[in-house]
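Down below is the structure, laid out as structure tokens.
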Amino acid sequence: MDYVYAPGKNHLFVPGPVNIPEPVLRAMNRNNEDYRSPAVPALTKTLLEDVKKIFKSTTGTTFLIPTTGTGAWESALTNTLSPGDRIVSFLIGQFSLLWIDQQQRLNFNVDVVESDWGQGANLDVLESKLATDGGHTIKAICIVHNETATGVTNDLSKVRFLLDKYKHPALLLVDGVSSICALDFRMDEWGVDVALTGSQKALSLPTGLGIICASPKALEASKTSKSVKVFFDWKDYLKFYNLGTYWPYTPSIQLLYGLRAALDLLFEEGLDNVIARHSRLGKATRLAVEAWGLKNCTQKEEWFSDTVTAVLVPSYIDSAEIVRRAWKRYNLSLGLGLNKVAGKVFRIGHLGNLNELQLLGCLAGVEMVLKDVGYPVKLGSGVAAASAYLQNNIPLIPSRI
């Protein structure tokens, strides 16, 4: 943005990377340190324990890997499975598609369950596959909790219910990149074996940390996994955990301090309050979309996401032009439609360190853009609908009561 100056702040409303709060920026504004000194292992130890709280796990083992969500995907797969293992994986949008592509390129036997983009995972098909898999050939279920391309959230408790119903031992691997720290996520309660997220999403950090939590069952599976892995090998991490130095290679010191600050902010607000805030932001955005006379890409209310809303536009409008115009005229960054929904939807991200008034500014900007591209929106209609809801539902800020 320094090379394309605009006055004021860029209004960043893509579904990741997200706004970074000032305390996190200040925490990262520091020099390098010797990661073998006593200070960094002491910091890392507290991070590994505290980060379990965002997964709602007490039994998991966490890994902070200098990578993106894509690297965290690979780490989850290669540490728990072997080439040729059968995976049931749900294709519901661009990011589940990319994870499936990775699974196939890693030589797993991927049983793809595909749904229309805008629908959630087809759990009826999963139940049929589990019911007929008496030999337990399915080794893992891979599911994206929140599909960022279409704004669809899957119900993980229903997946666990089916696995328990058929007493099936398959591992449950979950992409929580755009859900963890924003949506309700209960790793231990739902029997998730590997959950992962990325630092640039609801944690509100720069990109660069893949954060993984592995259940005891997943760690046991890692002992017999025959997949090739080097950089992502959990055994290397566990070795250095036992030594008390924690790092098999050089970490990003700045990101570790940023993570400490980000977790402190989340815990100060309270994780349940964070989830409730995202629920308000999601509901307000959907009310605005409805007031504009537009439709949500997500086809059923049960799948609505509280971190991203994908908005369908009329056929005579190219949604990419909405995104371009927003950035060029209003310094507003919205998400493009991807792959099958390219040109058909634009996405409003509402996750991370974000409050209600910031969201209302975004919605006002979207209304002006819609007017620019020829859509007959009534200016103020969406903002009014969102404001009316928020005014009745925003609680007092706990620290200011």
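The values are calculated or read from the model by the stated rules, or taken from the named source; none is laboratory data. Keep in mind that what you see is a predicted model, and the values were worked out from it rather than measured. Note that we place each Cβ from the backbone using ideal geometry, even for glycine, and neighbour counts take in every protein chain shown. Please note that ligands, DNA and RNA were not included when accessible areas were found on the heavy atoms of the full protein model with its side chains. Shrake-Rupley method; radii C 1.70, N 1.55, O 1.52, S 1.80 Å.
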### Summary
Counting only residues that are more than 24 Å from Asn32 (Cβ to Cβ), over 25 Å from the mean Cα position of the chain (by Cα) and hydroxyl-bearing (Ser, Thr, Tyr), the range 215-253 contains a total of 3
### Summary
Flagged in the range 278-288 as in contact (Cβ under 8 Å) with a residue 60 or more places away in the chain and crowded, with 20+ Cβ neighbours inside 10 Å, in numbering order, are His278, Arg280, Leu281, Gly282, Ala284, Thr285, Ala288
### Message
Can you go through Asp111, Asp85 and tell me which one is modelled with pLDDT of 95 or more and closer than 22 Å to Gly176 by Cα?
### Response
Asp111
### Summary
Residue count, the range 321-350, condition more than 26 Å from Leu91 (Cβ to Cβ) and assigned to a strand (DSSP E or B), comes to 2
### Query
Can you tell me how many residues in the range 228-263 are among the charged types (D, E, K, R) and without any contact (Cβ under 8 Å) to a residue 12 or more places away in the chain?
1
#### Entry: Qualifying residues in the range 1-52 (those that are over 30 Å from Leu360 (Cα atoms), of a type in the set (Lys, Arg) and surrounded by fewer than 14 Cβ atoms within 10 Å (Cβ to Cβ)) - the one modelled with the lowest pLDDT
Arg36
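Filter the range 172-182 for residues that are in a strand (DSSP E or B) and surrounded by 24 or more Cβ atoms within 10 Å (Cβ to Cβ) and give the result. Walk me through it before giving the result.
Narrowing the range 172-182 to residues in a strand (DSSP E or B): 172-175.
Listed by number, the residues that qualify are Leu173, Val174, Asp175.
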### Query
Out of all the residues in the range 56-68, is one or more over 30 Å from Asn355 (Cβ atoms), touching a helix residue (DSSP H, G or I) at 6+ places or on another chain (Cβ under 7 Å) and either small (Gly, Ala, Ser) or not assigned by TED's automatic domain parsing to the domain that holds Leu183 (or both)?
yes
### Selection from the range 124-165 of residues that are touching a strand residue (DSSP E or B) at 6+ places or on another chain (Cβ under 9 Å) and open to solvent by 30 Å² or more (accessible area, probe 1.4 Å)
Val125, Lys129, Thr137, Lys139, Arg160
### Message
So for the range 320-343 (the condition being open to solvent by 10 Å² or more (accessible area, probe 1.4 Å), modelled with pLDDT of 95 or more, farther than 18 Å from Glu147 by Cβ and β-branched (Val, Ile, Thr)), does at least one residue qualify?
### Response
yes
### Query
Which of the following residues is part of a strand (DSSP E or B) and of a type in the set (Ser, Thr, Tyr): Thr150, Thr197?
Thr197
### Query
How about the range 4-100: which helices (runs of 4 or more DSSP H) wholly inside it have at least 3 residues that are under 21 Å from the mean Cα position of the chain (by Cα)?
39-50, 52-55, 69-80
#### Entry: Unmet criterion (only one of (1) outside any loop (DSSP other than H, G, I, E, B); (2) open to solvent by less than 70 Å² (accessible area, probe 1.4 Å)) for Gln391
(2)
### Task
Report the residue count in the range 75-109 for those that are closer than 20 Å to Gly151 by Cβ and open to solvent by 10 Å² or more (accessible area, probe 1.4 Å).
5
### Query
Quick check, is Ser225 open to solvent by less than 30 Å² (accessible area, probe 1.4 Å), touching a residue at least 24 places away in the same chain (Cβ under 8 Å) and either of a type outside the set (Gly, Ala, Ser) or under 25 Å from Leu271 (Cα atoms) (or both)?
no
### Query
Right, Gly198: assigned by TED's automatic domain parsing to the domain that holds Ser37, modelled with pLDDT of 95 or more and open to solvent by less than 10 Å² (accessible area, probe 1.4 Å) or not?
yes
### Message
Restricting to the range 183-195, give me the number of residues that are open to solvent by 10 Å² or more (accessible area, probe 1.4 Å) and under 16 Å from the mean Cα position of the chain (by Cα).
### Response
3
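Can you give me the ranges of the helices (runs of 4 or more DSSP H) entirely in the range 211-288 with at least 3 residues that are among the aromatic types (Phe, Trp, Tyr) and in the same structural domain as Phe63 (by TED's automatic domain parsing)?
Qualifying helices (runs of 4 or more DSSP H): 234-243.
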